[in-house]
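One structure is given below, encoded as structure tokens.
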Amino acid sequence: MDLNMLRQFLVVARLEHLSRAAEELHVAQPSLSRTIARLESELGTPLFDRAGRLRLNDAGRLFRGHVERALGELDAGRRAVAEAAEQGFGSVRLGSETFLTLTGPLAAYKRAHPAAEVVLHQLAAEDMARRLRAQDIDLCVASQPIPEEGLESVRLHDEPVWVVTPLGHRLAGRTSVSVEELADEPFVTASRGHWQRRLLDRLFAARGLSPRVVCEGDELSAIADLISAGLGIGLVPDIARRVASRVPAAWIAVDSPDCRRTLTLHWGAGSHLSSAARLMRAMITDWDWAGEAPRG
């Protein structure tokens, strides 16, 4: 069992597809199949279910967690030695569902620390905790709860989420609106898994309703523009009002105390953070999220 075998296993486990994994790894599929078979033989148990589509089984998920943590420790050690040898800031790996929210602190960070390398990863919330524990990334900013076992966190900001409509919409002149009044409206929203879509589904489900989604996608920064173009209405956080102020649209309060977003910064408990990562953590934590500037 060598490091290359373990890294190949992680790619297959992530994609659950041998040919796509072989393409990403730039190896022949028969060779990759033999590597996985040898690994399973060493462990004495299958790691994947092969009835139909390839699926990671319980043993595979258990082993994946250990492999991620082991390789994460090796990578953390390599980065710590490189940082010490170079006597520099090192690099910081930051994950988030969307980076539109983080443009202010990221720009301020690069102005203050131009020598630091910043690597950004757009992640689904369900992947964040696992990758933090594996030390595959240093910091994550989440807009929805994630499992916090083995993590430390600090709440950054709590804000209202608005209903945004085109200017000519029947609700455009309202100051507030109930969820029930939105029942028949076409929604422009994020794909399933994103915090905006989960909030929309949760608000409607609590009232025995289902939203009528006419447009969904992963390009969150385009939602306000699509709404302004007349494709539908949507839920947009308060922070985006500053970013999307150029977009002609109406912003209406939702008459529900649950229509809010909470931003939280997470990192691995006890994990080694480079100087660059510690400085990034301080920048994000000290940022004045309501005023878009560092505090103090």
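Rule-based calculations on the coordinates, nothing more; no lab input. Please read these numbers as outputs of a predicted model, since none were measured by experiment. Here the Cβ is made from the backbone with ideal geometry for all residues, glycine too, and neighbour counts use every protein chain on show.
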Quick one: dipole size for region 158-260, taken about the Cα centre, charges +1 on Lys/Arg Cβ and -1 on Asp/Glu Cβ, in debye to the nearest 20. 80
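How do the peptides 193-206, 91-104 rank, highest first, by the average count of neighbouring beta carbon atoms within 10 Å per residue?
91-104, 193-206
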Per DSSP H run of at least 4 residues, take -39500 (n - 2.57); add these up for the chain, divide by its residues and hand me the 222 nm value, nearest 500 deg cm²/dmol. -12000 deg cm²/dmol
Karplus-derived 3J(HN,Hα) from phi for region 262-268 (6.51 cos²θ - 1.76 cosθ + 1.60, θ = phi - 60°), whole Hz, x at Gly and Pro, runs 10, 8, 9, 9, 10, 8, x
On full extension of the chain, what length is gained from D2 through R246, given 0.36 nm per residue of separation minus the C-alpha to C-alpha distance? 82.4 nm
Along the Cα-to-Cβ line of R50, 7 Å from the Cα, sits a label point; which residues in region 1-19 have backbone N less than 17 Å from it? 9, 12-13, 16-19
Could you rank the peptides 264-271, 149-156, 284-291 by their average count of other C-beta atoms within 10 Å per residue, with the highest value first? 264-271, 284-291, 149-156
So, with points 7 Å from each Cα along the Cβ direction, the E42-T262 label distance in nm works out to 4.3
DSSP beta bridges in the chain: the antiparallel percent, rounded to 5, is 60
Check: region 3-64 dipole with +1 on Lys, Arg Cβ and -1 on Asp, Glu Cβ, in debye: 60
